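Since every read-out is calculated from the coordinates, none of them should be taken as a lab result. Just so we're clear, the structure is a prediction, and the values are computed from it rather than from any experiment. Note: ideal-geometry Cβ built from the backbone for every residue, glycine included; neighbour counts use all protein chains shown.
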Amino acid sequence: PQSSIMPPPPTANPNDTIPDAEAILTTYLRTLPPSTNFTTEDQSLLRSFLDALYNNPKSNPDTPVPVPTLLTTSTPKSYHAGTGKTQTRALAHAIERAKQEVIFVTCFWAPSESRTLLSAALRELSTRALARNVKVRVRLCFSSMSVWQRAVSPPRGKVWEGLEDLGLPGRGELPGLDILVKSLFFPPFSVLHGKYCVVDRKLVWIGSGNVSWECWGEGCGSFEGEGFVRSVLEYYRVIWEEGCLELPALPFLEEEGMEEHEVEEAGEGEKGPDVLDEIREYPTILLPNPHHRNPHFSLRSSIQSLTSHLPCLRARQSPSLLQSPPPPNTPQNTFLLTLFSHAKTSITIHTPNLTSKPLLSALLSAASRNVHITIITCRNMMRMEQLATTPFSTTESCVDTFISSLPDLETGSGKVHLGFWRGRGEVKQWHVKASIVDDAWTVIGSANGDRASWWGSGEINVCVFGGGYAREVGGRLERWAVEAGGVEWILGGRELGV
């Protein structure tokens, strides 16, 4: 008789299951419109990234979605440099004008003006939906609200039936919405750190701000582009719609001319200072970082970090203190390390925390090549979180080690400018996450320059290939930094926003 226990499937040949990096690049280049102006330097960077991702001797690509789907094009529409409240206000204007669907994902959820703005937008969206005799599909997702919520978070997340428990309007106030709210957290440290919004599967916002009370400096970019939006939606589906093989199709819009009206009105909130001067299509890569429950702390690295705080040993600090095991082979980590290794002229990094040793080592290497480096970061930013996710290390201690490890720059043309946020005005901390390299490549998103974002947290970022976008985003961030409070340079120093 035939056994009821099926034999295990034959072991797959890795060469059959792992795509060829060069084939992925060739296919991508073939699909790029000529107007995107993908340079030889762009090709070299992308080839090196794919080679590093697929030819890692210790790990296959660690990615929540297939790598080829991450390579697309997009049309950046706007970039908002402001605070969490002003970022939410910009998003709320688009949310309340949605016609079919809103997906809103954030990390931290707390009583705040941002939450009030979002609640008002949902009420307005419901009113507009009822006037059109439709229901708009709304999905709100967050990872962290309180210590208790994180401690009792079910393995597959929690769906919140009582919206009032979250400070939102009750379901009776939102009859025009098919609304679902879900939270998801993975103990001990694996927060889902991404912040993004998708409206009607046509417009995507990726930013740094939470739904929270803190008045911090933030940045947020909006994008159109069918392939890019589809890539973001696939990432969302895998993380937040577990068990769903594909997102449900949106209902057909029967009103004549509705689709054209939808795009125009959804982008209406961007008319103003946030709109980019040059709106064009760029080669684009989505850079996700899946969460990892095991933080893979290194005992040796932890002991080194602890002893580095002892005054008698500080003088002995060396680049070896920034050595660590390689981070997970994710699109985010591998691309950033490849990007910094390709830098020829300049690197500018905005990050609230700076404790990722692979990142710091990559910056030391760039400094030795005489690359001009600018780093804007913070003091006393989420200190307990830093100590928990990077044992015995803080941004301040890692910055001290980084500076003491820098090569002698007197004989070279390179220069390092490193500053802490002053925090003298309304904007108390600098929470922006952005990297701009050679005025050609721009990465924005949720990832900090800390160990948590490189080893544990789920993140979402995007890299835009193009000098026009790099100059606009870089200029806006630097001008906002000057306006909002300024930087205290502890090494070097340069005029921002020029």
At R0 = 56 Å, FRET efficiency that the Cβ-Cβ distance of N133 and S341 yields, to 0.05
0.50
Simple spin-label estimate for E488 and D51 in nanometres, 7 Å along Cα-Cβ:
4.4
Sorted by Cβ neighbour density within 10 Å, fewest at the top, the residues H417, H193:
H417, H193
So if we plug the beta-carbon distance of A120 and Q43 into 1/(1 + (r/R0)^6) with R0 = 56 Å, what FRET efficiency do we get, rounded to 0.05?
0.75
Counting all C-alpha pairs of region 60-120, share separated by more than 15 Å (%):
66
Counted neighbours (other Cβ, 10 Å), sorted fewest up, put M381, M145 in the order M145, M381
Packing-based exposure ordering (other Cβ within 10 Å, fewest first) of S190, S146, S446, S341:
S146, S341, S190, S446
Separation of the R156 and Q323 label points, Cα + 7 Å toward Cβ, nm:
4.6
Lysines within cross-link reach of K415: Cα-Cα under 18 Å, excluding same-chain residues under 8 positions apart?
K344
Loop-resident trypsin sites (Lys or Arg not before Pro) in region 396-476 with no more than 14 other Cβ atoms inside 10 Å, DSSP not H/G/I/E/B, are R424
Relative packing of peptides 118-131, 366-379, 217-230 - highest average C-beta neighbours within 10 Å first
217-230, 366-379, 118-131
For the pair K58 and L29, the simple spin-label estimate (label points 7 Å beyond Cα toward Cβ) gives in nm 3.1
